[in-house]
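Below: one structure, written as structure tokens.
The values are calculated or read from the model by the stated rules, or taken from the named source; none is laboratory data. Because the structure is predicted, anything quoted here is derived from the model rather than measured. Don't worry about glycine lacking a Cβ; one is built from the backbone with ideal geometry, like all the others, and counts go over all protein chains shown. To get the accessible areas, we keep the full protein, side chains included, count just its heavy atoms, and leave off ligands, DNA and RNA. Shrake-Rupley method; radii C 1.70, N 1.55, O 1.52, S 1.80 Å.
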Amino acid sequence: MVRVLVYLAVFACLAFGAVWLADRPGEVSVLWQGYRIETSVALAAIGVVALAFLVLLVWAIFRFIFALPSAFSLSSRARRRARGFEAVSRGMVAIGAGDPIAAGRYTGEARRFVPGEPLTLLLEAQTAQLSGDRAQAEAAFKAMLDKSETRVLGLRGLFVEAKRRGDATAARAFADDAVRRSPSLAWANDALLDFHTQAGDWAAARTAVERRAALRLADKAEARRQRAVLLAAEALQARDNEPEKALAAALEAVKLAPALTPAAALAGRMLAERSDVRKASKLLEAAWKDAPHPDIAAAYLDARPGDSALDRLNRATTLTKLRPSDPESVLALAGAAIQAREFKKARETLKPLLAGGASVRACLLMAELEDAEHGAAGRVREWLARATRAPRDAAWVADGLVSDHWMPVSPITGRLDAFVWTVPPATLGSRAQAVDDVLADLDDSTKLIEVKAESVTTIEPAAVAPPPPPPPAPKEEPKPEPAVAAAPPAPKEEPKPVVEPKPVEAAVELAKPVEPKPAEAKPVESKPAPREAASPKPVIFPVSHAPDDPGPEEEPPPEPKKSGFRLFG
């Protein structure tokens, strides 16, 4: 629309000029080199315009003729540049597809057509890495350092190559240089944080975390958690040498992350050591509400030195009221009840937990309970055997590693705050503990599966006498069946050697009912069965077994004793 208006305005001006010249006629006279030219003003104006156009046309023709060589050169450079960038593009695609042969071919073309381009250096480095030529890759990255636009990219490549060959010093130097040149680089800041944490320089690591938070490379919640973890690590390291510094760091860590169990447990113990039991108890109770943990429970029960077992039980009851349905509360209360010799309370406390399947710690507590209450070695061994098959309890797990204690950095990957309190993955072939047999053993009315040696009558195996020779066969009446030749007399049985059975096996054999063997039918003659020696009356001991008891096939029998023996379920 604007162009149309401009054109209309130009034509209007030309029309106005033409009309103005027509209204004012005149004459133009030119005398040059003896020639006299006279014409009107309008024709003179038209001639001037035509002459100007003619001069411009001649100038354009001469300019085109003289610019032909440079035009050919420029066109050639443009074609080479286009071919070079096309080779770079196809080379990047080949690298993404994992084709080192095609990538090398396109790298050669890009190096021939556009040798000074940053993308050509990048393609060359990527191709060398894909082909496994580390020296060529490092040479390409070092060439990038000479140009300002590719210097940071070269530092990143050299950092990666240094880490691949295990040169931590060079990798850290490249990361430092990259942070100085461009402080907002995420990979360089993360690398420096990893180097500081692996070296145990917690103060420098906290500085790196604060810089990452200031540059918005990490959100606020993640930065607070990382600062708390680093403060907890610093407190654990300085506890023995600098207790004041350790306590301050632990309290600040708890303030930043109340659910950080190691910091809360350490702060509670150190406050209790300073006789500040009230503050330690409040801190540990708050941490227990957020994340129940055995370390929190142990620190809470030990907060007041010199407490009796009943006092510790009362403190465990107070702690359990904060999280009554949590398994850690049940285990802490049951352990305190066993130490206070409140065995009935311990059984009632463990019963709901065992109803869902006994874990390893629950089985160990049951073994401790049986040993403390009854001294029943059989029950103790039974619960210890169940503990080997029971599901595992929660533990500190990081990158597939299960640890008994918390660590700020994973020893596998070096990652900060990698340990999580969770149940480790179950092993293949593990079976969940049955519910009925566990709950049955909680009933106090069940008799102990133990027989004292004084109440057992020792059964000595009687000597087995050889059987008497069989009497002569009586004459039988003829039968209507067809006559059959008499069979030869049976050979005399050789006396078997006397084998003394083991006491447990003898008792088990005697406990079994004796079933009469059916007489073998013979077509010709029948011999009277020889009289067997009178065997002693079997003594059957009522032994109650748990439903999941493996039986004599899995548990070997005890060694025989002369004075007696014991039977265990």
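Observations on the model:
- Those residues of the range 147-173 which are open to solvent by 50 Å² or more (accessible area, probe 1.4 Å) and not small (G, A, S), in sequence order: K147, E149, R151, L153, R156, K163, R164, R165, D167, T169, R172
- Summed over the range 341-398, the residues that are of a type outside the set (F, W, Y) and touching a strand residue (DSSP E or B) at 6+ places or on another chain (Cβ under 8 Å) give a count of 4.
- Filtering the range 37-48 for residues that are surrounded by fewer than 13 Cβ atoms within 10 Å (Cβ to Cβ) and among the acidic types (D, E) leaves a non-empty set.
- Looking only at the range 130-148, and only at residues there that are closer than 19 Å to Y106 by Cβ and free of Cβ contacts under 8 Å to residues at least 12 places away in the same chain, the one that is farthest from the chain's Cα centre (by Cα): A139
- Residue match in the range 68-81 (condition: over 25 Å from H196 (Cα atoms), surrounded by fewer than 20 Cβ atoms within 10 Å (Cβ to Cβ) and touching a helix residue (DSSP H, G or I) at 6+ places or on another chain (Cβ under 8 Å)): yes
- Residues of the range 174-191 classified as open to solvent by 30 Å² or more (accessible area, probe 1.4 Å) and part of a helix (DSSP H, G or I), total: 8
- Qualifying residue in the range 109-129 (condition: acidic (D, E), within 21 Å of A87 (Cα to Cα) and in contact with a Gly (Cβ under 8 Å, 6 or more places away or on another chain)): yes
- Pairs, first over 16 Å from G154 (Cβ atoms) in the range 164-177, second in a helix (DSSP H, G or I) and open to solvent by 60 Å² or more (accessible area, probe 1.4 Å), C-beta under 9 Å, six or more apart: R165/R134; A168/Q198
- The helices (runs of 4 or more DSSP H) falling completely within the range 300-369 that include 1 or more residues that are touching a Leu at 6+ places or on another chain (Cβ under 8 Å) and over 23 Å from A267 (Cα atoms) map to 327-339, 343-355.
- Residue identified as surrounded by 10 or more Cβ atoms within 10 Å (Cβ to Cβ) and part of a helix (DSSP H, G or I) among W59, W20: W59
- Residues of the range 207-238 classified as buried (at least 22 other Cβ atoms within 10 Å of the Cβ) and within 22 Å of A265 (Cβ to Cβ), total: 9
- Enumeration of residues in the range 361-390 that are surrounded by fewer than 17 Cβ atoms within 10 Å (Cβ to Cβ) and closer than 21 Å to L333 by Cα: D371, A372, E373, H374, L384
- Considering only residues in the range 319-360 that are of a type in the set (S, T, N, Q) and in contact with a helix residue (DSSP H, G or I) (Cβ under 8 Å, 6 or more places away or on another chain), the one that is most open to solvent (accessible area, probe 1.4 Å) turns out to be Q339.
- Residue that is more than 25 Å from P118 (Cα to Cα), in a helix (DSSP H, G or I) and charged (D, E, K, R), where the choices are R151, R216, R206, R156: R206
- Test: residue in the range 393-407 that is touching a Ser or Thr at 6+ places or on another chain (Cβ under 7 Å), surrounded by fewer than 18 Cβ atoms within 10 Å (Cβ to Cβ), touching a residue at least 24 places away in the same chain (Cβ under 8 Å) and part of a loop (DSSP other than H, G, I, E, B): yes
- Some residue of the range 271-283 being surrounded by 14 or more Cβ atoms within 10 Å (Cβ to Cβ), at pLDDT below 95 and not in a helix (DSSP H, G or I): yes
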